Amino acid sequence: MNINNNSVIRYFWLVLGILLSTIGLIGIIVPGLPTTPIMILAAACFFRSSERLYNWVIENKYYGHHVKNFREGRGMPKKAKFMAIGTMWVFVSISVLFGIPDHMLMIKVITILGAATGTGYVISLRTM
């Protein structure tokens, strides 16, 4: 376990991990809010701050195996890739078509480029 000895930095990672965990847990209930990617980020924060909370994330029965597989470089299941990409593009499309005003063209372009980058990243991950 790589826990930083600097207490300020460790505290920062701990607070960020707790914030991300809270958002991730809300994502279990709220449709469209992805739980696993947020919990992957929380696990990375806890890895740097709290071994107990890191273990709590990777041993969770709902998303722990996905987080652990990602952290160990095993990749994502094909179904999860399709769901991630599909969900991302549904919400990006809704945002670009209905949520972002037409006069904010650059924001629409940045949103689409961000989604394309995210899609490329998900595709590049190893498929289980």
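Please pick out the residue among 26, 110, 3, 18 that is at pLDDT below 95 and part of a helix (DSSP H, G or I).
Result of the check over 26, 110, 3, 18: 26.
Among the residues of the stretch 49-65, is any touching a helix residue (DSSP H, G or I) at 6+ places or on another chain (Cβ under 7 Å), closer than 17 Å to residue 123 by Cα and either buried (at least 18 other Cβ atoms within 10 Å of the Cβ) or in the same structural domain as residue 15 (by TED's automatic domain parsing) (or both)? Break it down stepwise before answering.
Our first condition is that a residue be touching a helix residue (DSSP H, G or I) at 6+ places or on another chain (Cβ under 7 Å); within the stretch 49-65, this holds for 49-50, 53-54, 57-58, 62-64.
Then keep just the ones that are closer than 17 Å to residue 123 by Cα; that gives none.
No.
Just checking, which of 123, 112, 38 is crowded, with 17+ Cβ neighbours inside 10 Å, touching a residue at least 12 places away in the same chain (Cβ under 8 Å) and β-branched (Val, Ile, Thr)?
38
Kindly provide the set of residues from the stretch 75-90 that are surrounded by fewer than 15 Cβ atoms within 10 Å (Cβ to Cβ), in contact (Cβ under 8 Å) with a residue 24 or more places away in the chain and not β-branched (Val, Ile, Thr), ordered by number.
77, 78
Just one of 67, 8, 57 is out of contact with any Phe, Trp or Tyr (no Cβ under 7 Å at 6 or more places or on another chain), within 30 Å of residue 116 (Cβ to Cβ) and aliphatic (A, V, I, L, M); which is it?
67
Looking at the stretch 32-88 only, could you name the residues that are within 25 Å of residue 6 (Cβ to Cβ) and outside any helix (DSSP H, G or I)?
48, 49, 50
The values are calculated or read from the model by the stated rules, or taken from the named source; none is laboratory data. The shown structure was predicted, so the numbers you read here are calculated from the model rather than taken from an experiment. Quick reminder, even Gly has a Cβ in these numbers, built from the backbone with ideal geometry, and neighbours come from all protein chains shown.
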